[in-house]
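Have a look at the structure below before the remarks.
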Amino acid sequence: MVDYHAANNQSSAGGVQTYMEQENDWDRDLLLDPAWEKQQRKTFTAWCNSHLRKAGTQIENIEEDFRDGLKLMLLLEVISGERLPKPERGKMRVHKINNVNKALDFIASKGVKLVSIGAEEIVDGNAKMTLGMIWTIILRFAIQDISVEETSAKEGLLLWCQRKTAPYKNVNVQNFHISWKDGLAFNALIHRHRPDLIDYDSLRKDDPVTNLNNAFEVAEKHLDIPKMLDAEDIVNTARPDEKAIMTYVSSFYHAFSGAQKAETAANRICKVLAVNQENEQMMEDYEKLASDLLEWIRRTIPWLENRTQEKTVNDMQAKQEDFRDYRCVHKPPKVQEKCQLEISFNTLQTKLRLSNRPAFMPSEGRMVSDINGAWHTLEGAEKGYEEWILSEIRRLERLEHLAEKFHQKAAIHESWTDGKEAMLTQKDYETSTLSEVKALLRKHEAFESDLAAHQDRVEQIAAIAQELNELDYYDSASVNARCQKICDQWDVLGALTQSRKESLERTEKQLESIDELYLEYAKRAAPFNNWMEGAMEDLQDMFIVHNIEEIQGLITAHEQFKSTLSEANKEREAIQSIQAEVQKIAQSNGIKLSGANPYTTITPESIDSKWEKAMAMVPLRDNALQEELNKQNSNDTLRAKFATQANAVGAYIQDKMEEIGRISIEMNGTLEDQLTNLKEYQTNIMSYMPEINKLEGFHQLIQEALIFDNQYTSYTMEHLRVGWEQLLTTIARTINEVENQILTRDAKGISQEQLYEYRASFNHFDKTLTGGERGTKRDHSGALMAEEFKACLISLGYDVENDKQKRSGQMVSDDFRALLISTGNSLGDSEFARIMGIVDPNGSGAVTFQAFIDFMSTETTDTDTADQVIASFKILAADKNYITAEELRRELPPDQAEYCIARMAPYAGPDAVPGALDYMSFSTALYGESDL
C-alpha cells in the first residue's frame, strides 16, 4: 500500500474546519440511519484494519475495540508516521479516558475541529460518536490532501472519479451515493488503471450485485484494497451511505495515485526523450548533409584548380564546355543543398532553444561557417578556373595564329633560299669575258640588295619563334629546329655572298665593259619585285580581330594599299619599257643578245606574272576582310542580345531583392498567411527561371563566338548567377524564419496578437538610426543594436529592474516610444547585461528577430527542466537514487526505454545495487548542465 499519511504535518485549521463544518451531522441528539450505520461500521472497520495490520493487529468491533484508546493511538501513529505520547496501561476508566484524550488531542493538533465528540463517549462505546471520530480521521488523513485541478478533499476526489470514468458507457458519477449503486463506476475505476483485471464490456447495468462483487473481489485480490462493503447492502439501500462510499473510493484513489504519478512521470520523460531523439536525428541528418557537401567541394576544388595546359583551342573549348556543364547541371543542386543545410541548422537550433536544450555544435569542420568558407574557396576556384580557361583559349588562339604565320614565312624564305648556296659557290667568273664579269658583279650587287631585303624576314621568323617559346607553344622544338636551320643557312649565305663579292671585285678591275641599260633594269626591277612579293605576302597575311574597330582598321589599311596600285603599275610599265628599249636598241643596231639580262634573274615575264597574281589577290583580300566585318557585326549583335537580357535580369534580381527585403520586415496577416504568401512569391520567382536559361543560352553563344568583352552592359554572367542564387537563398531563409516563428509560437503558446505586437515593435525600432540623425533615416537592417533593443523592451512594458515582463495588453504608440527614449528611460544595467548575454551570446552588438522572439517566449512560458525530469525518474524508481533497466522497460515504451539504458551511466552511490543506472546525471546532461 502507498504511505499517504506521513506528509503535511503543518497546521491547516482553517481549511479543515471548513470541511468539518460541512460534516456537522454527528449531532449527539440525532439518530444514525440503521442501514447507513451498518455500512459505516463495515467500511470504517475495514479501513482501520487496512492500516492496523501494518502494526500486526486489528479490530473486530469498532465501538468496543477503541474504548481503551490503545488501538486508537496505534492507528494514529500508523497513518501519520508520528509518535504519540506514551499510553497509560491501566485498566481503570481514567486511564482509558486519558488515552482517548491523547488521541483526540493529536487529531486536534492537525488542525481538525472535533464537533460534539468527547473522550467519555468513546470510552462508553457510543457507536455514533465512535463512527464520527473515525470519519474525522478518514477525512483528515485520507481525503483532505486529495487535490485535482485546484479542487481538494471531497470535491477533488469527486472530480478525480469523474475524469477517470468519463470514457465509460453507463457511468455518470455525480455524487458518492446513488452514482455507485450499479457497481459500474467501481469497475470503471479499476479498468481505467488495470484493464487486464476487468472485462468491462461483459458487465450489465441491470446486474448491480454481480458488478459490485466483481469490483470488490478484484480490488481485494489484486489491489490490496480490503472489502469494505457488501454488494447487497448497497443494492438494497435506497441511498448508500456517502461516507462509506467516500472512504471506499478514497482507497481506490490512493491505490492508483502512485500509478498515476508514475504515468505522469513516464509521460514527461517520454516527451523529453522524444524531443532529444528528434533533435539527434536532425543532428545526424545535418552532419551527413554537411559531410556530403564538404566531400563534394573537396573533390571539386582540385578539378577547378587543375591548370594542365592543352595543345589546341578545341581541347580548351572542351574544358570550357565541361565547366559550363558543371555550372548549369552539377552545381545548382549543391546550391540547394547548401541552402537546405543552413535552414536545417537554424530550425534545429530553434527547436533546441524551445526545448531548453544546449545549442547544437556540429563536429569539427562541419559548422555552417566551415561550409561557407569551403563554398567561398570553391567559388574562388571557379572564378580562377574560368578566367584561366579564357586566357588559355586566347593564348592558344594566338599560338596557332603565330605558328601558322611562322611556317608560312619560313616556307616563303626557304623557297627563296633554294639554290642560292650553289649559285654563290660557282666559279663562272673565271672563264667569263669582261662584260660577263661586270654583269656577274652587278648581278651579285643586286643579290646583295635582295639579301639585305630578306634580313627583315629572317628577323621576323626568329621573333615569331621567340614569341612561340615565350607563350609555351607545345611544338616549340620543331619550330626552334626549323628557325635554327634558317638562321644557320642565313649565316652561310652571308659568308658566301661576301666571298663571291670579293672575287668579282677582283675580277672587275680587269673588266671595263657594262651594259648600263641592263643594269638600270636590274636596279629598278629588284626593288619592284621585292615590293610585289611583299604586297602578295601582305595580301595573304593572316589576321585575327576581336571587334569592329580592329577589322575596320585593317580595311582602311587595305584601301590605302589599293590607292598605291596606280603608281606601282606605272613603275611596272617603266621597268618593262627599259626591257623594250633593250630590244629596240638590239634590233636597231643588229645586236644579237646572248640571252637573259646578265644583271638580274628577274624577267619581264616574272614581273607581269607576279603583278597579275597580286591583282588577283586584291579582291580575295577584299572578300576576306568583308567576311570578317560581317562576323564582327554578328558578334556585336550577340553582345547586344546578351546585354539586353542581362540588363533585364539584373534589374529583376535587384528589384526582387529589395522587395523581399521589404516583405521580410513588413509582413501582414497570420504567420500561416505570411508563409503561404512567401511560398507563392517563391513560386513566382522560380517562374522567372526560363529568362535565366535564355540568358545562359546567349552566354553560351557569346563564348562559342570567342567574344571576350561587351560594352553594352556592366553585368557578367558570373555576377548574375551569384545574384540569382542569392535571391533564391534569401527567399528560402525568409520562409524558414516564418516557419521557425510558427514553431516558436506553437511550442511556447504565443498568441498571434503577441507575435504581431513583437513584430511591430521590432520593426519600428529596426527602422530608426541611432546618433544625431535618430528618427530621420530608416535602415531596415533586420537586427536591433543594443540601444534600439533596450528601447524596444521598454515599449513592450518590460521592467528589467524587477526582472519580469509587464504586459499592458495593447501596443505602445510611436509617440510614447519616442517619449520613453527622449526622456532617457533607462533599464537596470546588470539585468540588461544579462538579457544581452542571452539574445547576443557572441557579443556582436546586434539582436536578430528570432533571438528577440526566443527571449520573449522564454520569459513568458514554462519549459521542462532537468529538475523536473529527475523528479519524474525518481517517481518511476520508487524514490530510489537510481533506476534499473527492468524498471525502465516496465514504465517506458520500448524504444525510449532502450534509448535511456544505452545512455545512462552505472550508478556509483553508496546504496548501489548490481545493474543500477544513474538517472540524475543523464537528466542533467539532457539540458547541457553536466556530462554523462
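Computed quantities for the displayed model
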item	result
Residue that is farthest from GLU550 (Cα to Cα), among those in segment 645-669 that are surrounded by 14 or more Cβ atoms within 10 Å (Cβ to Cβ) and not aliphatic (A, V, I, L, M)	SER664
Residues of segment 693-715 satisfying the condition of being polar (S, T, N, Q) and touching a residue at least 24 places away in the same chain (Cβ under 8 Å)	GLN700, GLN703, ASN710, GLN711, THR713
Lone unmet requirement of (1) surrounded by 15 or more Cβ atoms within 10 Å (Cβ to Cβ); (2) farther than 19 Å from THR264 by Cβ; (3) of a type in the set (A, V, I, L, M, F, W, C); (4) free of Cβ contacts under 8 Å to residues at least 40 places away in the same chain for ILE883	(2)
Counted residues, segment 438-480 - those being within 58 Å of the chain's Cα centre (by Cα), free of Cβ contacts under 8 Å to residues at least 60 places away in the same chain and open to solvent by 30 Å² or more (accessible area, probe 1.4 Å)	7
Residue match in segment 616-635 (condition: surrounded by 14 or more Cβ atoms within 10 Å (Cβ to Cβ) and within 23 Å of ALA525 (Cβ to Cβ))	yes
Test: ILE575 is modelled with pLDDT of 85 or more and not in a helix (DSSP H, G or I)	no
Search result, residues across segment 113-140 that are in contact with a Ser or Thr (Cβ under 7 Å, 6 or more places away or on another chain) and open to solvent by 10 Å² or more (accessible area, probe 1.4 Å)	LEU114
Whichever residue in segment 353-373 is assigned to a loop (DSSP other than H, G, I, E, B) and under 15 Å from ASN279 (Cβ atoms) and, among such residues, is most open to solvent (accessible area, probe 1.4 Å)	MET361
Residue, modelled with the highest pLDDT, within segment 509-527, restricted to residues that are touching a Lys or Arg at 6+ places or on another chain (Cβ under 7 Å) and buried (at least 19 other Cβ atoms within 10 Å of the Cβ)	ALA522
Output for segment 267-296, where each listed residue is more than 30 Å from THR377 (Cα to Cα) and either hydroxyl-bearing (Ser, Thr, Tyr) or open to solvent by less than 10 Å² (accessible area, probe 1.4 Å) (or both)	ILE269, VAL272, LEU273, ASN279
Residue among VAL847, VAL913 that is over 23 Å from ASN276 (Cβ atoms), crowded, with 20+ Cβ neighbours inside 10 Å and not assigned by the TED database to the domain that holds GLU737	VAL847
Subset of segment 148-184 (residues that are in a strand (DSSP E or B) and open to solvent by 20 Å² or more (accessible area, probe 1.4 Å))	THR151, SER152
Filter result (open to solvent by 50 Å² or more (accessible area, probe 1.4 Å) and out of contact with any Ser or Thr (no Cβ under 8 Å at 6 or more places or on another chain)) within segment 71-81	GLY81
Only listed residue being closer than 27 Å to THR744 by Cα and either in contact with a Leu (Cβ under 6 Å, 6 or more places away or on another chain) or among the small types (Gly, Ala, Ser) (or both), chosen from SER687, SER664	SER664
Test: residue in segment 49-64 that is open to solvent by less than 30 Å² (accessible area, probe 1.4 Å) and over 24 Å from ALA219 (Cβ atoms)	yes
Residue satisfying condition, being within 60 Å of the chain's Cα centre (by Cα) and either part of a helix (DSSP H, G or I) or at pLDDT 85 or above (or both), within set GLN587, GLN654, GLN583	GLN654
Residue match in segment 210-223 (condition: open to solvent by 70 Å² or more (accessible area, probe 1.4 Å) and over 28 Å from THR45 (Cβ atoms))	no
Where a residue in segment 24-44 is assigned to a helix (DSSP H, G or I) and aliphatic (A, V, I, L, M) and its partner, wherever it lies, is modelled with pLDDT of 85 or more and surrounded by 11 or more Cβ atoms within 10 Å (Cβ to Cβ), with Cβ under 9 Å and at least six apart	ALA35/ASN236; ALA35/THR237; ALA35/ARG239; ALA35/PRO240; ALA35/ASP241
Odd one out for ASP145 among (1) part of a helix (DSSP H, G or I); (2) at pLDDT below 85	(1)
Residue within segment 705-718 that is assigned to a helix (DSSP H, G or I), open to solvent by 70 Å² or more (accessible area, probe 1.4 Å) and not assigned by the TED database to the domain that holds ASN314 present	no
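The values are calculated or read from the model by the stated rules, or taken from the named source; none is laboratory data. Owing to the predicted nature of the structure, the values given are computational and were not obtained by experimental measurement. Every residue, glycine among them, receives a Cβ derived from its backbone with ideal geometry; neighbour counts consider all protein chains shown. Each accessible area value is taken on the protein alone, full model and side chains, heavy atoms only, with ligands, DNA and RNA left out. Shrake-Rupley method; radii C 1.70, N 1.55, O 1.52, S 1.80 Å.
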